[in-house]
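To start, the structure itself, in structure tokens.
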Amino acid sequence: MNRIDTHDLYMAYKRRMQKIADIRYASAILQWDQETYMPVKGASFRGQQLATLSELSHEMFTSDDTNSLLVELLGRQDLSEPQKRNVELSFEDYTKQKRLPVEFVRKMVGVVNKSFHSWIEARKENKFSRFQDDVSKLVELKKQEANYHGYKLHPYDALLNDYEKGASVAMIDPVFEQLIPQLDDILRRILSSGEIENSFLYNNYPKDEQWNFGMRLLREMHFDFEKGRQDLSEHPFTTSFSSQDVRVTTRMDDKDFANMTWSCIHELGHALYEQGLPVEQYGLPLGEACSYSVHESQSRLWENQVGRSLNFWQYYYPILQNKFPAPLGGISLEKFYRGINKVQPSLVRTEADEVTYHFHIYIRYQLEKRLIEGSLNVKDIPAFWSDHYKQHLGINVPDDIHGALQDVHWSHGSFGYFPTYSLGSFYAAQFFRKAQETLPSLEEDTKNGKFGLLFGWLRNNIHQYGRFYTSEELCIRVCGESINIQYFIQYLLGKYGKIYEF
């Protein structure tokens, strides 16, 4: 039998991976529709459709034919570096997915679909008990998944690795042990420095004008509307069907200006990353984002380092005042800037300030870790939630919608996701510091509503590489060192030290 040419073999692998991607992205379209436009009675068949597509993609990816292609390519010495990396990463993914039986995958998708709708109903009724049975099923399935994948020290490690390769309880525990005392100190200094007025943010902001302003921000901050769109959803999110079709969603409250604006900017960061992935790598690992924490670094960088900066609002605040003269006409830029950066312990993660945000993540991390190891029962989640919010943030949780029902993640089966939010903030501060060093005009550009240089820097240094590097490797490549939370701490001290004068 003649040996197949490496080029032909690689193209066969590429075609196969792209077919699998076609199925997965078709599933993603159905999921996007489920959270935006699907009629309520479509839920049951939508669950069946998603389960079928997940089963098909899983069967195709974990088939003997896929294995044969990958094993043969792994033995070839004449692949280019990108080709070699694609094959290595695909084999890693194959090995991981092969551990999951097809029946398990189908069952998981079915439970997730039902859980999403019970989460929506539980939020309407403001009762965690309405969601409890489905969470219990998901936790048990996630424990099974951890056992299928295997782990050395803690079952939660297997789930963390779905979102951050190499992450473990042994790695994340020390990060929070270093972070939390420093945040406690910063928060104490802020709370003893006097109150900041921000009631003007909770006035009358007509939804149409909010939407128009959000769309303007997306356009001017380089979201390509020929490769994407924005819609409304219960929980803001970004999804991608290719780098040429990236969807973002936001939510609006006509009595809360902040809700929409920073949701738009946050999701913009995710979307710019997705639109910047190499189109020629569609369906392959190098056409996917590095990790969830690096993905989150992009959204947090645009949302906080840019979108909550004084430089940013020196340009956009006059525009905003013109749109909303009643609530903002008599509010100075300085008062507005201080107001949008007010630090105050709060109940809802997505509306938290930059300082207290990480207490929200820490509580969820501790909760999930205990659920998966079996030391916490699902029925006790609301009580655990209330106790830890009181302990870390000094606030009482009044009901479930402001407590354990506020995040969509568990209804998606996304256990192990939350720590990437904090890791992403640390990477964001570190990346932005390097961008400031590299781009001398960055501050002046932001004051003039120009984001091209920063956009280009991120595209060249982060977006274009896909999964070629791990998070740690990428950080070392960009910044010259591994993740270092002191950049984040220094950023907080510099910014909030000036705002609160401590």
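Results, tabulated for the structure shown:
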{"read-out": "Long-range amide H partners of residue 232 with built H, under 5 Å", "value": "250"}
{"read-out": "Under 20 Å from the Cα of residue 114 - aspartates and glutamates, other chains or at least 8 residues apart", "value": "33, 35, 55, 103, 125, 133, 134, 140, 145, 234, 400, 407"}
{"read-out": "Share antiparallel - DSSP beta bridges, the chain, percent rounded to 5", "value": "50"}
{"read-out": "Folded to 0 to 90 degrees: helix 81-98 orientation relative to the chain principal axis, Cα", "value": "80"}
{"read-out": "Karplus 3J(HN,Hα) series, Hz, for the range 212-217 with 6.51 cos²θ - 1.76 cosθ + 1.60 (x for Gly, Pro)", "value": "5, 5, x, 5, 5, 4"}
{"read-out": "The range 155-199 - convex hull of the alpha-carbon atoms, volume per residue in Å³", "value": "113"}
{"read-out": "FRET efficiency, residue 84 to residue 244 (Cβ-Cβ, R0 25 Å, nearest 0.05)", "value": "0.45"}
{"read-out": "Sequence-distant aspartates and glutamates (8 or more away, or on other chains) whose Cα lies within less than 20 Å of residue 498", "value": "184, 185, 195, 197, 303, 334, 353, 354, 443, 444"}
{"read-out": "Estimated D of the range 1-118 in µm² per second, where Rh is the Kirkwood radius over Cα pairs and Stokes-Einstein applies at 37 °C, 0.692 mPa s", "value": "207"}
{"read-out": "DSSP bridge pairs, the range 146-269: antiparallel proportion in percent, nearest 5", "value": "50"}
{"read-out": "Fraction of alpha-carbon pairs over 14 Å apart in the range 24-74 - percent", "value": "60"}
{"read-out": "Base-10 log of normalised Debye intensity for the range 211-261 (one unit scatterer per alpha-carbon) at q = 0.15, 0.23, 0.28 Å⁻¹", "value": "-0.41, -0.88, -1.16"}
{"read-out": "Set 41/127; 143/165; 124/379; 127/369; 98/227 screened for pairs whose C-alpha atoms are more than 28 Å apart", "value": "98/227"}
{"read-out": "For the range 185-273, Kirkwood radius (reciprocal of mean inverse C-alpha pair distance, Å)", "value": "14.4"}
{"read-out": "The range 102-215 - Debye-derived log10 I(q)/I(0), Cα point model, q = 0.13, 0.20 Å⁻¹", "value": "-0.94, -1.01"}
{"read-out": "Cα-derived Rg to Rh of the chain, Kirkwood definition", "value": "0.96"}
{"read-out": "Phi-based couplings in Hz for the range 148-164 (Karplus 6.51, -1.76, 1.60; Gly and Pro marked x)", "value": "4, 6, x, 7, 8, 10, 9, x, 5, 4, 5, 7, 4, 5, 5, 10, 8"}
{"read-out": "Spacing of the two label points (7 Å from each Cα toward its C-beta) at residue 379 and residue 41, in nm", "value": "3.7"}
{"read-out": "Residues with amide H under 5 Å from that of residue 253, placed H, sequence gap 5 or more", "value": "260"}
{"read-out": "Qualifying GluC sites (Glu not before Pro) in the range 197-249, DSSP loop, other Cβ atoms within 10 Å at most 16", "value": "197, 226, 234"}
{"read-out": "Computed over the range 302-434, the ratio Rg/Rh where both radii use C-alpha atoms and Rh is Kirkwood", "value": "1.06"}
{"read-out": "Largest-first principal axis extents, alpha carbons of the range 400-463, Å", "value": "46, 22, 16"}
{"read-out": "Cα-derived Rg over Rh, computed across the range 324-364 with Rh taken as Kirkwood radius", "value": "1.14"}
{"read-out": "Efficiency of FRET from Cβ geometry, residue 370 and residue 333, R₀ 56 Å, rounded to 0.05", "value": "0.80"}
{"read-out": "Contact order normalised by residue count of the chain, Cα under 8 Å, 6+ apart, percent", "value": "19"}
{"read-out": "Whole-number percent relative contact order across the range 223-281, with pairs defined as alpha carbons under 8 Å at least 6 apart", "value": "35"}
{"read-out": "DSSP-loop trypsin sites (Lys or Arg not before Pro) across the range 136-182, with at most 14 other Cβ within 10 angstrom", "value": "152"}
{"read-out": "With all protein chains modelled, accessible area of residue 105 [1.4 Å, Å²]", "value": "20"}
{"read-out": "Volume per residue that the Cα convex hull of the range 357-454 spans, once the total is divided by residue count, Å³", "value": "151"}
{"read-out": "Average silhouette area of the range 296-340, convex hull of alpha-carbon atoms, in square nanometres", "value": "3.3"}
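The values are calculated or read from the model by the stated rules, or taken from the named source; none is laboratory data. Keep in mind the model is a prediction, meaning the values are calculated, not measured. Glycine gets a Cβ as well: all are built from the backbone with ideal geometry, and neighbour counts include every protein chain shown. Heads up: the accessible areas ignore ligands, DNA and RNA and are worked out on the full protein's heavy atoms, side chains in. Shrake-Rupley method; radii C 1.70, N 1.55, O 1.52, S 1.80 Å.
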